[in-house]
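This report concerns only the one structure given below.
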Ligand SMILES: [Zn+2]
């Protein structure tokens, strides 16, 4: 199949290219060639559209609903209902042009079954990298819904090994308090340095990356001491910590839209009061942390934390728009959801840009997302891993 007629943004940060056609062979990008006809293969004419790599969302929870009180939904619904919903959310996600997601905490490994079913071509969805259960301290952030509680270095190792046994692609450690668990403080560290070291060591020995939910300053510092790969949220990041992240090559996945959606919806939308209060208290600091990271040259990868209150599965544009609003250049924001995200997840030889040999993860949108990221919501074509999942040409 040949995709022609579009302006090509290859995801690398290179200027947009005209007069290029992308040749897809089976599930891979075979070549990028001069756009001169006639072609002797099936041609999709993308006249006037912009062609880009499929987008990457580095932080989602396929098992969480994104309703006003997702915790309640999850505890009220049966496991079977969660599975059905996760399948629907996967389809909605890929139809929005997001062809890869990293799931950082699910329910009884349902999200791993979704991953495998997508991979096998049974259901439409994005490529899913899964963490399984998030490893937290007893009573720590996430313990009620997504967590595997573990205390002490030995138990950390066992908890990580359990996720690996279940088939996890990445390990999620909960380093600090967070918003969605009542009674825990986002400014408080939770896993100790010793525990973080054990968890990261187990992940790395198994050749997996380790992501940490980390809001509190002390917890972020310990994560960096332990050699974590990504800091999720990073709310109380300081200039010194941002510099360390840039030097060590630790990436930030800010998820600005998560507290934003909670504050915007508020109590009126039915969001639990504890979540609204905590989000109000940290939203500005969160934006400041993002700016600090941006200034320090930290690798930033886009993630929405989809599934948290009023933070729906699908488009990643609300997050990109907030990043641009906080000072990021639109092209940089695009990279954070394509090539930079792929590098952060360690899948840059598989996806994240339009280049020969990579998976055919391609989207075509109206307008110019390099000057306005909102153009990414006008999706007309989505090819995920070589399969056409949406065609509105
Ligand atoms: Zn999350």
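Among (1) touching a residue at least 24 places away in the same chain (Cβ under 8 Å); (2) in a loop (DSSP other than H, G, I, E, B); (3) on the phi < 0 side of the Ramachandran plot, there is one condition residue 38 misses while meeting the rest; what is its number?
Every listed condition holds for residue 38 apart from (1).
Just to be sure before I move on: is residue 235 over 22 Å from residue 106 (Cβ atoms), within 16 Å of the ligand (Cβ to nearest atom) and surrounded by 17 or more Cβ atoms within 10 Å (Cβ to Cβ) in the structure I sent?
So residue 235 passes the test.
Suppose the filter is in contact (Cβ under 8 Å) with a residue 40 or more places away in the chain, in the same structural domain as residue 64 (by TED's automatic domain parsing), away from the ligand (no atom under 16 Å from the Cβ) and within 18 Å of the chain's Cα centre (by Cα); does residue 101 pass it?
Taking the combined requirement at face value, the residue does not satisfy it.
Taking the options 287, 320, name whichever one is away from the ligand (no atom under 16 Å from the Cβ), outside any loop (DSSP other than H, G, I, E, B) and within 21 Å of residue 90 (Cα to Cα).
Among 287, 320, only 320 is away from the ligand (no atom under 16 Å from the Cβ), outside any loop (DSSP other than H, G, I, E, B) and within 21 Å of residue 90 (Cα to Cα).
Going through the range 216-232 one residue at a time, which ones are outside any loop (DSSP other than H, G, I, E, B), away from the ligand (no atom under 16 Å from the Cβ) and over 15 Å from residue 293 (Cα atoms)?
218, 222, 225, 226
Please determine, by comparing only the residues of the range 242-260 that are part of a helix (DSSP H, G or I) and surrounded by 24 or more Cβ atoms within 10 Å (Cβ to Cβ), which one is nearest to the ligand (Cβ to nearest atom).
This residue is 258.
Do we have any residue at all in the range 322-332 that's under 13 Å from the mean Cα position of the chain (by Cα) and assigned by TED's automatic domain parsing to the domain that holds residue 88?
no
Which residues, taken from the range 125-160, are within 17 Å of residue 105 (Cβ to Cβ), touching a residue at least 24 places away in the same chain (Cβ under 8 Å), more than 17 Å from the chain's Cα centre (by Cα) and away from the ligand (no atom under 13 Å from the Cβ)?
If the condition is that a residue be within 17 Å of residue 105 (Cβ to Cβ), touching a residue at least 24 places away in the same chain (Cβ under 8 Å), more than 17 Å from the chain's Cα centre (by Cα) and away from the ligand (no atom under 13 Å from the Cβ), then 135, 137, 139, 140, 143, 144, 150, 156, 159, 160 are the ones that fit.
Any chance you could count how many residues in the range 11-32 are closer than 15 Å to residue 360 by Cβ and either touching a strand residue (DSSP E or B) at 6+ places or on another chain (Cβ under 7 Å) or part of a strand (DSSP E or B) (or both)?
12
What number goes with the only condition from (1) assigned to a loop (DSSP other than H, G, I, E, B); (2) touching a strand residue (DSSP E or B) at 6+ places or on another chain (Cβ under 6 Å); (3) not assigned by TED's automatic domain parsing to the domain that holds residue 100 that residue 62 does not pass?
(3)
Quick check on the range 278-300. Is at least one of its residues in the same structural domain as residue 253 (by TED's automatic domain parsing), under 13 Å from the mean Cα position of the chain (by Cα) and closer than 21 Å to residue 62 by Cα?
Scanning the range 278-300, I find no residue that is in the same structural domain as residue 253 (by TED's automatic domain parsing), under 13 Å from the mean Cα position of the chain (by Cα) and closer than 21 Å to residue 62 by Cα, so the answer is no.
Any idea which of 102, 107, 115 is in contact with a strand residue (DSSP E or B) (Cβ under 9 Å, 6 or more places away or on another chain) and not in a helix (DSSP H, G or I)?
So the residue among 102, 107, 115 that is in contact with a strand residue (DSSP E or B) (Cβ under 9 Å, 6 or more places away or on another chain) and not in a helix (DSSP H, G or I) is 102.
The values are calculated or read from the model by the stated rules, or taken from the named source; none is laboratory data. As the structure is a prediction and not an experimental result, all values here were calculated from the model. Every residue, glycine as well, gets a Cβ built from its backbone with ideal geometry; the counts of neighbours run over all protein chains shown.
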